[in-house]
Amino acid sequence: MIQTCIPAQAKADFLAGVHTLDDQYRIVLYGSSADLDDCCVGYIPQGEVSGKGYRQGGMPLKNPKVWVDRGAGCLTFDSVTLPNSTITARGYMIINASKGNKAICIVDWGAEYTSTEGPFNVRIASDQVVFD
């Protein structure tokens, strides 16, 4: 099961100043067999997708953007596209590769999405990494 959340440790890490905008963030895709919830502290290889066009350990995220919306702190990145892939994923984890692959955010799309010899696009919505 994948639970959409900001893991508890990530909240503490942000308050302690562990994560910065200059760090290297990655997005790791997971299938429906993954077990991810608010207790995750970092990258977990179990349940990570595999297939053509996807590299284990995730893909780099670029251009972090931070702002406040209705009293909540928000973070997003540019969308990611795997141009020629054959994978099936149900969600993702954002990790901070600069800080020992610590977990930042977990998202369950609610369904599996598949690409077959084509593009797989991941858009990080502005309401998915929110500190309320």
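Key figures for this structure:
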quantity	calculated
Å² of accessible area per residue within the chain, as computed with a 1.4 Å probe and no ligands counted	51
Spin-label pair Glu112/Lys52, simplified geometry with 7 Å Cα→Cβ offset, distance in nm	1.8
Rounded to the nearest 20 debye, dipole of the chain from Cβ charges on Lys, Arg, Asp, Glu	300
Calculated from backbone phi, Karplus (6.51, -1.76, 1.60) coupling profile of segment 113-125 in Hz, x at Gly/Pro	10, 10, 10, 10, 6, x, x, 10, 9, 10, 9, 8, 5
Label-point gap, in nm, between Thr20 and Arg123 - each point 7 angstrom along Cα→Cβ	3.2
Among [x] 95; [y] 131; [z] 207, the entry that matches volume of the Cα convex hull per residue in Å³ as calculated here	[x]
Amide hydrogen neighbours beyond the local backbone of Ser32, cut-off 5 Å, H modeled	Arg90
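The values are calculated or read from the model by the stated rules, or taken from the named source; none is laboratory data. Quick caveat: nothing in here was measured; it's all calculated off a predicted structure. Here Cβ is always computed from backbone atoms with ideal geometry, including for glycine, and neighbour counts include all displayed protein chains. Calculation scope for accessible area: heavy atoms of the full protein, side chains included, ligands and nucleic acids excluded. Shrake-Rupley method; radii C 1.70, N 1.55, O 1.52, S 1.80 Å.
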